[in-house]
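Working notes for the structure below.
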């Protein structure tokens, strides 16, 4: 298993879903897009970020790839903390908090694995 390719495929799927169908993506994560009509804008910001991180990691090698992967791990850790903070503050239920935090933690772990694996061929 190539962790860069796996992580990038996940980022493309999630990012494209958030960009193309932001309300559906929000509901899939137990959010309430109907209660917040501005949420599609926020989902698209998140979606394009994941698409850019996937492109950066797959189209580069060496130090540039490490930079993209490190940025992705930082984003995923921030997403994890945001999900946990939302649960702690009460605007996410415990279930929502977990549902949002677990994939972000998994992506951070996969990004760390990709960094540990070193540089392989660029995957476009």
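Measuring between their Cα centroids, region 29-75 and region 9-27 lie 10 Å from each other. State the label only: which of [x] 1.04; [y] 1.15; [z] 1.00 corresponds to Rg/Rh (Cα atoms, Kirkwood Rh) computed from the shown model? Computing Rg/Rh (Cα atoms, Kirkwood Rh) and matching it to [x] 1.04; [y] 1.15; [z] 1.00 gives [z].
From helices alone, the chain scores -27000 deg cm²/dmol at 222 nm; the rule is -39500 (n - 2.57) for each run of n ≥ 4 DSSP H residues, then divide by the residue total. Of all the options 89, 107, 16, the one that moves most in a Gaussian network model of the chain with Cα springs shorter than 10 angstrom is 89. Based on C-alpha pairs under 8 angstrom that are at least 6 apart in sequence, the chain has a relative contact order of 31 percent.
In terms of the mean number of neighbouring beta-carbon atoms within 10 Å, the peptides 21-31, 45-55 order highest first as 45-55, 21-31. Relative to the longest principal axis of the Cα atoms of the chain, the long axis of helix 62-89 lies at roughly 20 degrees. Temperature 20 °C, viscosity 1.002 mPa s: under these conditions the Stokes-Einstein estimate for region 1-49, based on its Kirkwood radius over C-alpha pairs, is 194 µm² per second.
Taken together, the values in this text are just the output of simple stated rules run on the coordinates, not laboratory data. In this text the structure is predicted, and so the values were computed from the model without any measurement. A quick note on method: Cβ atoms are made from the backbone with ideal geometry, for glycine too, and the neighbour counts reach across all protein chains shown.
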